[in-house]
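Below is one structure, written out as structure tokens, with a few remarks after it.
The values are calculated or read from the model by the stated rules, or taken from the named source; none is laboratory data. All figures in this text were calculated on a predicted structure; none of them were measured in a lab. For neighbour counting, all protein chains shown are included, and Cβ atoms are generated from backbone atoms with ideal geometry for every residue, glycine included. Note: areas computed on protein heavy atoms with side chains; ligands, DNA, RNA excluded. Shrake-Rupley method; radii C 1.70, N 1.55, O 1.52, S 1.80 Å.
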Amino acid sequence: MKINKFLRAAIILFILALNIGCDQVSKSIVRKDLHEGQVLYYFFNKVTIEKVENTGAFLSLGDSLGGPVHTILLVVLPLLALGGGLIYILYKTSIAKYKLLGIILIIGGGFGNLYDRLAHGSVTDFMHISFFWGLETGVFNVADMSIMAGMFIILIDAFLKRKEHPEPEASTTIES
């Protein structure tokens, strides 16, 4: 079924707004209700909630950068990439639905974290999960979950499409 391009754009923007809104509401609650150093424990102490202000990127990478380098790498380049991605998904109407959903989730998560960086000077992370045998996550937030979910959807979609249309095997005959 072909969908009207304006309706498609409205749906994309709605999903983005919902995604960014959930991220910002969760961070707002954490900023307001959690005190510095306060840790909440859930699920047999495997899930913890603790407010951490991250001035870097993923796993605090780049937090020691200063001045214009920090601004370029953590604000300008992400803004250009996210803006370019948004323009791409709004105008390229032939993107498959699961791939499109994955890209929307990545862009939404990126904008959520970028907004934090611009409005608060850092990104508020607050969730941490300990699994077993010492395996655990870094501290993350809803935007990070959105980015990871988007990547997961895109990878699964690509894997399933590859299984549907396998590449033909190369011929190994040698002509004399």
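With θ taken as phi - 60° and the Karplus curve 6.51 cos²θ - 1.76 cosθ + 1.60 applied, the whole-hertz 3J(HN,Hα) list for the stretch 25-37 is 5, 4, 5, 5, 4, 5, 4, 7, 9, 9, 8, 4, x Hz, x standing for glycine and proline. As a fraction of the 1.4 Å probe accessible area of the chain, surface on carbon and sulfur atoms comes out at 69 percent. Across the stretch 63-114, the fraction of Cα-Cα pairs farther apart than 18 Å, rounded to a whole number, is 40%. Between Thr55 and Val75, residue separation times 0.36 nm minus the direct Cα-Cα distance comes to 6.1 nm. If you take the Cα centroid of the stretch 16-42 and the Cα centroid of the stretch 71-125, the two points sit 20 Å apart. Multiplying the residue separation of Arg31 and Glu164 by 0.36 nm and removing their Cα-Cα distance gives an extension gain of 43.2 nm.
The packing ranking of peptides 113-121, 28-36, 79-87, 143-151, highest mean first, is 143-151, 113-121, 79-87, 28-36, where packing means the average number of other beta carbon atoms within 10 angstrom of each residue. Shape class for the stretch 1-92: oblate, because the ratio a/c of the largest to smallest gyration tensor axis (alpha-carbon atoms, square roots of eigenvalues) is 1.5 or more and b/c is at least a/b. Shape summary of the stretch 59-147, radius of gyration then Dmax from alpha carbon positions: 15.3, 46 Å. How large is the Kirkwood hydrodynamic radius of the chain, counting all unique pairs of alpha carbons, in Å? This gives a value of 18.6 Å.
Remark: relative contact order (the stretch 17-156) = 33 percent; criterion is Cα-Cα distance under 8 angstrom and separation of 6 or more residues.
Rounded to whole numbers, the Karplus 3J(HN,Hα) couplings from phi for the stretch 131-138 are 8, 8, 6, x, 7, 8, 8, x Hz, using 6.51 cos²θ - 1.76 cosθ + 1.60 with θ = phi - 60°, and x at Gly and Pro.
Residues whose amide H comes within less than 5 Å of that of Ala57, counting only those at least five positions distant or on another chain, are Gly62, Asp63 (H built at 1.01 Å from N in the peptide plane).
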